[in-house]
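See below for the structure under consideration.
The values are calculated or read from the model by the stated rules, or taken from the named source; none is laboratory data. Nothing here was measured: the structure is a model prediction, and the numbers come from that model. Glycine gets a Cβ as well: all are built from the backbone with ideal geometry, and neighbour counts include every protein chain shown. All accessible areas refer to the heavy atoms of the entire protein, side chains included, with ligands and DNA or RNA removed. Shrake-Rupley method; radii C 1.70, N 1.55, O 1.52, S 1.80 Å.
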Amino acid sequence: MSGSRAAVRYAKAILCFALEQRKETEVNKDMLLIANTIDESKELQLFLNNPIIKSESKKKALNEVFATKISSLTSSLINLLIDNKRLSIIENVAKKYTILFDSLKGIEVAKVTTAISLTDDLNKQVLNKVKEITGKEATIENVVNPDIIGGFILRIGDIQYDASIANKLQVLKRQFEDESFSLKL
């Protein structure tokens, strides 16, 4: 099972438990905190993904980082991931949970692929544009892919707008090849 599929399964399970206990909003705050904390700390990412470091050390470190900030339900998820030797996917589980939570609450998820991380200002601009287009509130899932060179790719539901430099270069290349072919005839 891939890490992404496993993350979705864990996220669905924790959402189900949270809904039963009417703590889905509280757990969503936890998941946002976990995802943002790990995303902003390369050291924490390396620590969690290091197979040499024992699970107990990782558990202790996470308890110190999040102990008073997260619910008991989220702590249980961390323990379950440790027991199943899946702690390395915790950030992905947290992100998948927030996507499922937003979908449940009717909030659009706009996936924005950029060559570098979005700044807070650009994030706000994209959110405003998405609200203007869809008429709904949205959250941003920013995927960083240096291969697009510059620009962005915006995906909301099944609508995709590709304004990446890589795409523009591909279009130019196809046009050049088509014109080159017709010149030979």
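One residue is enough: does region 82-96 have a residue meeting the conditions over 18 Å from the mean Cα position of the chain (by Cα), surrounded by 14 or more Cβ atoms within 10 Å (Cβ to Cβ) and assigned to a helix (DSSP H, G or I)? Walk me through how you get there before you give the answer.
Residues of region 82-96 over 18 Å from the mean Cα position of the chain (by Cα): 82-85.
Those still in the list that are surrounded by 14 or more Cβ atoms within 10 Å (Cβ to Cβ) too: 82.
Pick out the ones that are also assigned to a helix (DSSP H, G or I) and you get 82.
Yes, the conditions are met somewhere in region 82-96.
Apart from one condition, VAL109 fits all of (1) surrounded by fewer than 15 Cβ atoms within 10 Å (Cβ to Cβ); (2) touching a helix residue (DSSP H, G or I) at 6+ places or on another chain (Cβ under 9 Å); the exception is (1). In the set (1) within 15 Å of the chain's Cα centre (by Cα); (2) open to solvent by 60 Å² or more (accessible area, probe 1.4 Å), GLU56 fails one condition alone, (1).
Entry remark, region 37-53: residues being surrounded by 13 or more Cβ atoms within 10 Å (Cβ to Cβ) and either under 18 Å from the mean Cα position of the chain (by Cα) or farther than 12 Å from LEU87 by Cβ (or both) number 8 in total. Entry remark, region 122-167: residues being small (Gly, Ala, Ser), open to solvent by less than 40 Å² (accessible area, probe 1.4 Å) and touching a residue at least 40 places away in the same chain (Cβ under 8 Å) number 1 in total.
Of the strands (runs of 3 or more DSSP E) lying entirely inside region 109-180, those containing at least 3 residues that are within 17 Å of the chain's Cα centre (by Cα) are 138-144, 152-156. Here the condition is being touching a Phe, Trp or Tyr at 6+ places or on another chain (Cβ under 7 Å) and within 24 Å of THR25 (Cα to Cα); of VAL93, VAL109, it holds for VAL93 alone.
Can LEU19 be described as more than 18 Å from the chain's Cα centre (by Cα) and either loosely packed, with under 13 Cβ neighbours inside 10 Å or at pLDDT 90 or above (or both)? Walk me through it before giving the result.
Numbers: more than 18 Å from the chain's Cα centre (by Cα): yes; either loosely packed, with under 13 Cβ neighbours inside 10 Å or at pLDDT 90 or above (or both): yes.
So LEU19 fits the description; yes.
From PHE152, PHE101, grab the single residue that is closer than 30 Å to LYS58 by Cβ and among the aromatic types (Phe, Trp, Tyr).
Numbers: PHE152 fails: closer than 30 Å to LYS58 by Cβ.
Only one candidate qualifies: PHE101.
Among residues of region 63-77 that are over 15 Å from ALA35 (Cα atoms) and at pLDDT 90 or above, none has a beta-carbon under 6 Å from a residue that is open to solvent by 30 Å² or more (accessible area, probe 1.4 Å) and of a type in the set (Phe, Trp, Tyr) at least six positions away or on a different chain.
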